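Please read the structure below before turning to the comments.
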Amino acid sequence: MIGPIPIKKRLMLVAATTLGLILVLLFGSLTTLSPGESEEIIRQVSELFRDINAWKIFFNNFQIALLMFIPALGMLFGGYAIYSTGLVFAAYSVQSNIPSTYLVGVAVLSPYGILEFLGYGLATSEGVLIIYSAIKRKLRSEVKALPFIVLAVAGLLMVAAALEMLTIELYA
């Protein structure tokens, strides 16, 4: 048991939140964009990727994950970040004529995508469990588990960032 919640229940919640975040990504990717909107999004993303490295990817993703830990609000912040990422897939879909669902599928099912979404799902589920623990008056026990969860998320995102950078270097 980690904190007041059995591991099996934690894993089920992580799986559910991970799936929910993937659905938000898919929803964002299905947003209809004009060619002008898609060009602007791609221009903005290109600027971000100008001097990209694994540490920048990690810190960007870890900042998002840290926001996801915030009880209640974390789901909103994280959902917005994931939806915005879906818009990037929508933009590339408009420009390439490749269905956005394929682009999302390739990204999410890649080794780095799986690890990123597990990290995000773990962070989001912890935000939910903090609320649950507070209601059950077991917050102290959950707070003791929090540093280990944060380290697990950081580990997942660090490996994901290294794999993502490797993928970018191999295929760019």
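The values are calculated or read from the model by the stated rules, or taken from the named source; none is laboratory data. Keep in mind it's a predicted model, so treat the numbers as computed, not measured. So basically every Cβ, Gly included, is an ideal-geometry build from the backbone, and we count neighbours across all protein chains shown.
Within the set Leu26, Leu21, Leu30, Leu48, the sole residue that is of a type in the set (A, V, I, L, M), surrounded by 19 or more Cβ atoms within 10 Å (Cβ to Cβ), closer than 21 Å to Val104 by Cβ and out of contact with any His (no Cβ under 6 Å at 6 or more places or on another chain) turns out to be Leu21. Remark: Ala54 matches the filter, which requires a residue to be modelled with pLDDT of 95 or more, over 25 Å from Gly127 (Cβ atoms), surrounded by 14 or more Cβ atoms within 10 Å (Cβ to Cβ) and out of contact with any Pro (no Cβ under 6 Å at 6 or more places or on another chain). Considering Val159, Val150, the condition of being surrounded by 16 or more Cβ atoms within 10 Å (Cβ to Cβ), out of contact with any helix residue (DSSP H, G or I) (no Cβ under 6 Å at 6 or more places or on another chain) and within 22 Å of Leu11 (Cα to Cα) is satisfied by Val150 alone.
If you check Ser84, Ser46, which single one turns out to be farther than 19 Å from Ala154 by Cβ, in contact (Cβ under 8 Å) with a residue 12 or more places away in the chain, assigned to a helix (DSSP H, G or I) and of a type in the set (Gly, Ala, Ser)?
On the way: Ser46 fails: in contact (Cβ under 8 Å) with a residue 12 or more places away in the chain.
The match here is Ser84.
Can you tell me which residues in the range 91-106 are surrounded by fewer than 22 Cβ atoms within 10 Å (Cβ to Cβ) and assigned to a helix (DSSP H, G or I)?
If the condition is that a residue be surrounded by fewer than 22 Cβ atoms within 10 Å (Cβ to Cβ) and assigned to a helix (DSSP H, G or I), then Tyr92, Ser93, Val94, Gln95, Ser96, Thr101, Tyr102, Leu103, Gly105, Val106 are the ones that fit.
Quick check on Glu116: is it under 18 Å from the mean Cα position of the chain (by Cα) and in contact (Cβ under 8 Å) with a residue 24 or more places away in the chain? So Glu116 fits the description; yes. For Ala65, the requirement of being in contact with a helix residue (DSSP H, G or I) (Cβ under 6 Å, 6 or more places away or on another chain), within 30 Å of Lys136 (Cβ to Cβ), touching a residue at least 40 places away in the same chain (Cβ under 8 Å) and surrounded by 13 or more Cβ atoms within 10 Å (Cβ to Cβ) is met. Checked against the criterion of being closer than 19 Å to Leu67 by Cβ and assigned to a helix (DSSP H, G or I), the candidates Leu170, Leu163, Leu157 yield just one match: Leu157.
Screening the candidates Leu129, Leu151 for the property of being farther than 25 Å from Gln44 by Cα, without any contact (Cβ under 8 Å) to a residue 12 or more places away in the chain and not in a loop (DSSP other than H, G, I, E, B) yields one hit, Leu151.
Exactly one residue out of Tyr120, Tyr83 is at pLDDT 95 or above and surrounded by fewer than 19 Cβ atoms within 10 Å (Cβ to Cβ), and it is Tyr83.
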